[in-house]
Amino acid sequence: MPRAINRRLFLGRTAGVGVGALFARAVGLEARSNPGGIGRVPILVTSHSNQTGQRAAEQAWELLSAGGSALDAVELAANVIEVDPEDTSVGYGGLPNENGVVQLDASVMDGATYNAGAVASLEGIKNPSSVARLVMERTDHVLMVGPGALALAKSFGFEEEDLMTERSRARWLEWRENRSESDDWGPPDHLKDRAEARIGGEPAFHYGTVNVLAVDASGDVAGITTTSGLSWKIDGRVGDSPIIGAGLYVDNDVGAAGATGRGEDVIKSCASYFMVERMRAGRTPQQACEDALEMIRRRYERLNLDFMPGEKFVALNRDGDYGCAWSYESRGLPQMTARDSGGLTVYEGVQFGA
Ligand code: GLY
């Protein structure tokens with residue numbers, strides 16, 4: 001959900017600093033107070049901190065701690081979250097598009113093989129991340145969409161099912177009965193109005209998604225991003241989650257990063273690739289997440305000072321350090337779950353702009 005950054009707060013935070021600090025801010029090197037999470041390899045993290053996210057991390061840890069691969073661990077954890085009927089942002093029970101059809105997006109990337117796979121607008125399959133893995137491992141392609149992706153899944157034995165639950169159908173019916181000017185259609189110059197119209201309002205849209213990132217005992221890194229995408233989206237809309245470099249990026253030499261939130265801005269900013277490159281340049285995962293939000297804020301600065309899309313970013317480096325940050329103003333601190341040999345940690349990151 002786009003929101004206004006409190007510009008006064010942001011300026012207040014940076015007012016009165018010297019030229020060196022201003023330069024540091026200009027290149028995204030501003031010192032920040034939260035050092036980030038310190039973990040140990042092997043490790044798995046997820047952007048979900050709810051009970052299902054924690055259960056997923058625990059189950060994946062069983063595999064990872066027994067010498068399993070990062071790739072198998074992230075798939076296992078993602079699958080647990082995808083089938084949770086209570087989670088309206090991912091897989092089964094995810095909120096549908098404007099026509100009442102659940103269209104799922106997912107990607108997987110394997111640092112060990114520098115390979116990736118993704119599916120977009122996939123209907124009827126509870127575990128899109130596993131289909132993304134099929135694209136990666138059983139085809140010479142990276143991204144498959146819609147009916148082609150469904151045919152691929154079915155050819156490997158995946159069952160086609162109705163992904164709507166009573167809960168998601170009730171929410172969709174309620175939205176359809178109350179739909180208004182806050183749908184996704186707009187004239188060519190809608191961005192400015194859209195930003196203003198949404199400031200301070202209750203979210204009419206829902207962008208939830210999950211990222212799962214891991215480093216295994218061999219030092220290999222893998223990640224998955226999976227989502228039902230923007231609720232009530234226009235039929236065929238694809239978000240950032242299946243776009244390698246946007247919703248997910250993995251590099252065995254560096255680590256991994258993933259995004260949730262308004263996918264349109266994550267796609268335009270290549271946010272996950274940016275975070276991995278920031279870590280390559282020496283930034284901690286926590287700093288890399290904040291750098292990506294700052295980069296997006298700056299891109300909108302010349303258009304609308306008060307506009308900032310709602311995003312949550314998570315990152316993990318190959319040493320096991322991790323972090324997260326978000327731009328949601330009214331939701332407190334962002335959380336993520338980490339599981340390593342020290343146990344399960346629910347880590348609180350940084351609220352950008354606060
Ligand atoms: N980040 C999920 C989406 O925009 O679809």
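Just so you know, all these numbers are worked out from the coordinates, no wet-lab data involved. Small disclaimer: the values here were computed from a predicted structure and weren't measured. Cβ: placed from backbone, ideal geometry, glycine included. Neighbour counts: every protein chain shown.
Using a ≥ b ≥ c from the Cα gyration tensor of region 214-313 (square roots of the eigenvalues), is it rounded, prolate or oblate, where a/c under 1.5 gives rounded and otherwise the larger of a/b and b/c decides, a/b for prolate? In terms of gyration-tensor shape, oblate. Each of GLU58 and GLU177 was given a label point 7 Å from its Cα along the Cα-to-Cβ line. The distance between the two points is 3.9 nm. The modelled label-to-label distance for the pair ASP306/ALA217, using points 7 Å beyond Cα in the direction of Cβ, is 5.6 nm.
Region 46-75 to region 134-179: how many Å between their Cα centroids? Region 46-75 and region 134-179 have Cα centres spaced 23 Å from each other.
Listed by Cβ neighbour count within 10 Å, with the fewest neighbours leading, TRP61, TRP326 appear as TRP61, TRP326.
Using a Förster distance of 22 Å, how high is the FRET efficiency between SER341 and GLN51, based on the Cβ-Cβ distance and rounded to 0.05?
Values: r = 22 Å, r/R0 = 1.00.
Step by step, r from the Cβ atoms, then E = 0.50.
Each of ILE81, ILE267 has some number of other Cβ atoms within 10 Å of its Cβ, and from fewest to most they run ILE267, ILE81. Its alpha carbons give region 282-354 an Rg and a Dmax of 13.5, 47 Å.
Pairs of alpha carbons in region 41-149 separated by more than 20 Å make up 42% of all such pairs.
Computed from the C-beta positions of ASN99 and GLU348, the FRET efficiency with R₀ = 30 Å rounds to 0.20.
How do TYR347, TYR114, TYR300 line up, fewest other C-beta atoms within 10 Å first?
Lowest to highest Cβ neighbour count: TYR114, TYR300, TYR347.
Taken as Cα centroids, region 337-354 and region 90-117 sit 24 Å apart, rounded to the nearest whole angstrom.
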